[in-house]
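The structure under discussion appears below in the form of structure tokens.
The values are calculated or read from the model by the stated rules, or taken from the named source; none is laboratory data. Everything quoted here is computed from the prediction, not taken from an experiment. Heads up, the Cβs are rebuilt from the backbone with ideal geometry, glycines too, and the neighbour counts pull from every protein chain shown. With ligands, DNA and RNA removed, areas are computed over all heavy atoms of the protein, side chains included. Shrake-Rupley method; radii C 1.70, N 1.55, O 1.52, S 1.80 Å.
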Amino acid sequence: MRTISIEISEEFRQACPQFCGAAVRAEVENSTYNADLWKKIDEFSENYRARYTVDSLKEIPAIQATRQAYKRCGKDPSRYRPSSEALCRRILRGIPLYQIDTLVDLINLVSIYSGDAIGGFDLDKIQGDKLVLGIGKAGEPYEGIGRGNLNIEGMPVYRDSVGGIGTPTSDNERTKISSETVHLLTIINGYNGKDGLEDAVHYMVELLKEFANARNIGQFFF
């Protein structure tokens, strides 16, 4: 399994100086559905609804920090919601989470658990040997998963050698996880700094081992 580096551009660092990121890569086995994982998701969702309301959601530090990062980069987080907030809002409104596949479903669980926006990518589809975190430009082409052309101007964006592959609102169709994915890269975005980042990584690794037979796991912070 190849390695990949992640760099933070100067423009992004100036906009979000407190940002810290973590990446987890692993060899995995995906599946269309895992009943035990969904039992865990349903139990977590029930407990989550007992703790929070839609009104109190914005007070969660990680979600609040992600919204602030959007504003500093030039995007309205109420028009283009970060995925972590959108997932949490679904739960609190009593709407079932999307069931996609085991890898995506467990990544969504970690996102709800941590409040952090998390990118999930098929490592073999990423072009080049590094990703750079920057800010989306006007007119920059980007096909969001299930969303078609997405206006990523003013949005945090990871780019490989071809172009954008991940934003907190939606990852790109080009590098998305599929049933054939065997090499996974996930990126946990700590817009609130290091708070809770190691815990989120630990939870991600636990779930990957339990539900995706993950091996040769590597992780790094940036």
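So, of the residues in the stretch 168-183 that are β-branched (Val, Ile, Thr) and open to solvent by 10 Å² or more (accessible area, probe 1.4 Å), which turns out to be farthest from Gln219 (Cα to Cα)?
First pass over the stretch 168-183, keeping only residues β-branched (Val, Ile, Thr): 169, 175, 177, 181-182.
Next, only the ones that are open to solvent by 10 Å² or more (accessible area, probe 1.4 Å) stay: 169, 177, 182.
Numbers: Thr169: 23, Ile177: 19, Val182: 17 Å.
Only one residue fits best here, namely Thr169.
Name the residues in the stretch 184-221 that are touching an Asp or Glu at 6+ places or on another chain (Cβ under 9 Å) and open to solvent by 40 Å² or more (accessible area, probe 1.4 Å), would you?
Correct list: Asn192, Gly196, Glu210, Asn213, Arg215, Asn216, Ile217, Phe221.
All but one of (1) assigned to a loop (DSSP other than H, G, I, E, B); (2) touching a residue at least 12 places away in the same chain (Cβ under 8 Å); (3) open to solvent by less than 80 Å² (accessible area, probe 1.4 Å) hold for Pro77, so report the exception by its number.
Failed condition: (2).
Go through the stretch 142-166 and count every residue that is open to solvent by 10 Å² or more (accessible area, probe 1.4 Å) and in contact with a Cys (Cβ under 6 Å, 6 or more places away or on another chain).
Looking only at that region, the number is 0.
Return the total of residues in the stretch 1-38 being open to solvent by 70 Å² or more (accessible area, probe 1.4 Å), part of a helix (DSSP H, G or I) and either within 22 Å of Ile177 (Cα to Cα) or among the polar types (S, T, N, Q) (or both).
Residues meeting the conditions: 2.
Output the residues belonging to the stretch 39-57 that are touching a residue at least 24 places away in the same chain (Cβ under 8 Å), open to solvent by 20 Å² or more (accessible area, probe 1.4 Å) and not polar (S, T, N, Q). It would help to see each step written out before you state the result.
Restricting attention to the stretch 39-57, the residues satisfying the condition of being touching a residue at least 24 places away in the same chain (Cβ under 8 Å) are 40-41, 44-45, 48-49, 52-54, 57.
Narrowing further to those that are open to solvent by 20 Å² or more (accessible area, probe 1.4 Å): 40, 44, 49, 52-54.
Passing the criteria: Lys40, Phe44, Arg49, Tyr52, Val54.
Looking only at the stretch 138-154, count how many residues are assigned to a strand (DSSP E or B) and either closer than 23 Å to Ser114 by Cβ or modelled with pLDDT under 95 (or both).
1
Does any residue in the stretch 114-141 that is within 15 Å of Phe222 (Cβ to Cβ) and open to solvent by 70 Å² or more (accessible area, probe 1.4 Å) come within less than 7 Å, Cβ to Cβ, of a residue that is among the hydroxyl-bearing types (Ser, Thr, Tyr) and not in a loop (DSSP other than H, G, I, E, B) six or more places away or on a different chain, and which pairs are these?
Asp129/Ser5; Lys130/Ser5
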